[in-house]
Amino acid sequence: MNNPLNPHVLISEVGPRDGLQSVKATMPTADKFRWIDALVAAGVREIEVASFVPPKLLPQMADAAEVVRYGKQKAGVTIMALVPNLRGAENALRAGADKLTMPVSASTAHSLANVRRTPLEMVEEVRAIARLRDELAPHVKLEAGISTAFGCTLQGLVPEDDVIRLAAACIEAGADESGLSDTVGYANPAQVRRLFRRLKEEIGDRAGAAHMHNTRGLGLANCLAAWDVGVRTFDSSLGGLGGCPYAPGASGNVVTEDLVFMFEAMGVSTGIDLERIVAARAPLMQGLPGEPVYGMTPDAGLPKGFRLAA
């Protein structure tokens, strides 16, 4: 039987933030609540529910504080919020977020397009946010996700030394952990193994999540490669919703349903019920009528005799 209290991996659902900010339509707040309810009922224990940015830039996130407060009512669930700057962090902390995620791009071109700051300026923003966190809510975790860690559609090659150096700088600045994001879907399994191995050698157990995109069909393969070198937290999005509005050509987060199936089929417990996580697509599709959703497992169904991992 699947053990939701002691899973072997943590699947961090990012659809309510990463997914929703990447589509043109705005999901009504009530539908976001129903979607969160369904995710929690399926056994998801970490959800990135919002991004604290000006509503004029991302109207899809205008209800961020309200959604965080709703999520906080769910016992045993870590409610995360993305914060690009100090003001966003303050708003997220006051709303009650359990964890802040901060995008720090290793590509200067992408960083300037996304947050109008260089990578080094973002490290100083991490430092300022860590100080604010320590003052207002020291129990809140802060993760610096290194965006474009595997390449960039704007810059092209991103040197691996730059990625590792930036992650270490974020930890020194006060982040609790730093993970690697394949923002534009350039990564391949050999590269994933190499970079996460280097990350762990550099920052040890502060190495954070693998955030992979399926833009070129390698999302699951890259997650498996990260698993092979000890990564145990994986970001994914229900229905594969999402991408990056400031990275041309980026599309397709790893599909949560397929990621859960892969690990469970391997005997690796996720704590998530597969039938219920597939059912969680219903409120998503109701809230975004006509928006395409993806996933092989929901279409194919579960194999005969399939059992969740113990």
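Values quoted throughout were computed directly from the atomic coordinates according to the rules given, and no laboratory measurement underlies them. Just so it is clear, the structure is predicted and the values come from calculations on it, not from any experiment. When we count neighbours, we look across all protein chains shown, and the Cβ atoms used for this are built from the backbone with ideal geometry, even at glycine.
Some observations on this one:
- Mean Cα-pair separation over length for the chain, i.e. relative contact order, pairs under 8 Å, 6 or more apart, %: 23 percent
- Part-to-part distance (alpha-carbon centres) for segment 1-66 and segment 262-293, which is given in Å: 13 Å
- What you get for the chain, charging only the Cβ of Lys and Arg (+1) and of Asp and Glu (-1), is a dipole of about 240 debye around the Cα centre.
- Put simply, the C-alpha atoms of the chain give a gyration tensor, and the ellipsoid matching it has half-axes of 27, 23, 19 Å, longest first.
- Given in Å, the Rg to one decimal and the Dmax to the nearest whole number for the Cα atoms of segment 24-98 are 11.9, 34.
- Counting other Cβ atoms within 10 Å as a rough exposure proxy, the listed residues HIS8, HIS211 run HIS8, HIS211 from fewest neighbours to most.
- Of the residues HIS211, ILE129, ILE47, the one whose Cα sits farthest towards the positive end of the charge dipole of segment 10-300 is ILE129 (charges of +1 on Lys and Arg Cβ, -1 on Asp and Glu Cβ, taken about the Cα centre).
- Subtracting the Cα-Cα distance of GLN155 and ALA168 from their residue separation scaled by 0.36 nm leaves 2.5 nm.
- DSSP bridge pairs, the chain: antiparallel proportion in percent, nearest 5: 5 percent
- In the elastic network of the chain, a GNM with C-alpha springs shorter than 10 Å, the most mobile of ALA221, ALA75, ALA89 is ALA75.
- Segment 109-236 pair-distance distribution - Cα-Cα, 5 Å bins, rounded %: 2, 12, 22, 23, 20, 13, 6, 2, 0
- Calculated FRET efficiency for the pair LEU112/LEU302, C-beta based, R₀ 51 Å, to 0.05: 0.70
- With neighbours defined as other Cβ atoms within 10 Å of a residue's Cβ, the residues LEU142, LEU136 order from fewest to most as LEU136, LEU142.
- For the options LYS32, LYS200, LYS24, a Gaussian network treatment of the chain with springs between C-alpha atoms closer than 10 Å singles out LYS24 as fluctuating the most.
- Scanning residues 5 or more positions from ALA209 or on other chains, those with amide H under 5 Å from its amide H are GLY179, LEU180, with H placed 1.01 Å from N in the peptide plane.
- Distance cut-off 18 Å, percentage of C-alpha pairs in segment 1-126 lying past it: 54 percent
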